[in-house]
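Here the structure is laid out as structure tokens; the discussion comes afterwards.
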Amino acid sequence: MQCLTLVIGITKQMFEFGIDTFIKEKRLIKERIALLSNRNAINKKYECSLDILCDKYNLSALFAPEHGFYGINEAGESVNKTIDLKTGLTIFSLYQDGKFDFTEEMLKTFDILIFDIQDLGLRFYTYISTLKIIIQTLAKAKKKLIILDRPLILGGNVIEGNILDEKSSSFVGPANLPIRYGLTIGELGLFFNKEQNLGCVIEIVKMKGWKRNLYFNELDRAWIKPSPAITSFETAYLYCGTCLFEGTNLSEGRGTYNPFEIIGAPFIKAKVLSKDINNLKIEGIVTTPYIFKPHFDKYCNQVCEGIFLHITNYKTFRPVTFALKTLNYLKENYPEFELEKKPTNVSHTKKLLGNNFEKDLNSLGIKKLLNNYKESLDIYKLEKKKYHLY
């Protein structure tokens, strides 16, 4: 135990983000640099990447993904073009009115683009779709991309979920990846570039002291929200599974103080649901009955009954497996439950899952379906190793 504590302590002391490595190298870059980032991208001293880079380089433009450069826009909310008051630089939006692409105006503002953003390592977390669009665009424009690498919040060894079906590709499913895909944002950039033959000139600035088995809570770092609803490390971990409830008629806790840590609806019986989910004996988690009232989003100002999720073991808990087994339970036991609530003609659940989960569930059953996922994951796990930088 003493040796293990010593090793973890040394890792914490040595750990540096890609931005730290980049600045220490003292590069001479005369070209115009654009930065795609947000205010949550910080160095080991908790200084914002924008503040660091604008002091040392010729920054010519800023770009914002979903949630905006300041990380204050809610999920799905259009992000408008604006001006950063401190630097006077234009912040161009890559998430505005359903448009995610670069315009000619944007491309004329820079020679090199630096991508520095904290990702979650999940297929439906939209920062990676923005990264893919950047790689595609810069390849055509013959401009260089530099990715300042950041740690995988949930570690890099465990992968979960189904491999996305190409027919289900969308902005929340940009590639044939599992839900929890186990690649850093830099490694993922290399994956996109190679697997889809994009031909972009990419440089990855690596972290120092990060290992694939490390979860974010083992790095001795304060939590900086990567997006408004991901309020803690535990929220991020649960979101890996409970995001799949977004397309259903259950609340996933948006509009409460505990987004993604609770699920429920007016038609749920809290005590019954908690008891039955606990009886599934899913490793690493326990639930308790919970009553809540969202102030926006689904069931706004309505009293909901449901469950509060408590992780008891981060290393053994598999949030995607938990979510899929819970969805199956709800489908079998609640006639009111809708797996694919359709406010539009496109099923959000199908987009998030990247396949026709309901059809597969009906034909195979949950046990066989999860076994099928495992077979695909075993193949992917071997293939992804060629992109490992750590």
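No value in this document is a laboratory result; all are computed from the given coordinates. All of these numbers come straight from a predicted model, not from anything done at the bench. Don't worry about glycine lacking a Cβ; one is built from the backbone with ideal geometry, like all the others, and counts go over all protein chains shown.
Data for the structure
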item	result
Candidates per trypsin sites (Lys or Arg not before Pro) in the range 264-304, loop by DSSP, up to 15 other Cβ within 10 Å	Lys269, Lys281
Binned Cα-Cα distance frequencies in the chain - 20 Å width, integer %	27, 57, 15, 0
Whole-Hz ³J(HN,Hα) from phi, Karplus 6.51 cos²θ - 1.76 cosθ + 1.60, for the range 168-176, glycine and proline x	9, 4, 6, 5, 9, x, x, 7, 6
Column: log10 I(q)/I(0), Debye, Cα scatterers of the range 233-355, q = 0.10, 0.21 Å⁻¹	-0.26, -1.28
Cβ-derived FRET efficiency at R0 41 Å, Lys275 paired with Val201, nearest 0.05	0.15
Segments 364-372, 35-43 sorted - mean Cβ within 10 Å per residue, highest first	35-43, 364-372
Phi to ³J(HN,Hα) by Karplus 6.51 cos²θ - 1.76 cosθ + 1.60 over the range 348-359, Hz, x for Gly, Pro	5, 4, 5, 5, 5, 7, x, 6, 8, 4, 5, 5
3J(HN,Hα) from dihedral phi, the range 254-271, Karplus parametrisation 6.51/-1.76/1.60, rounded to Hz, x for glycine, proline	4, x, 10, 7, 10, x, 6, 9, 9, 9, x, 6, x, 8, 7, 9, 4, 5
Alpha carbon centroid spacing (whole Å) that separates the range 321-370 from the range 136-176	24 Å
Between helix 233-242 and the chain: long-axis angle, C-alpha atoms, 0 to 90°, nearest 10	60 degrees
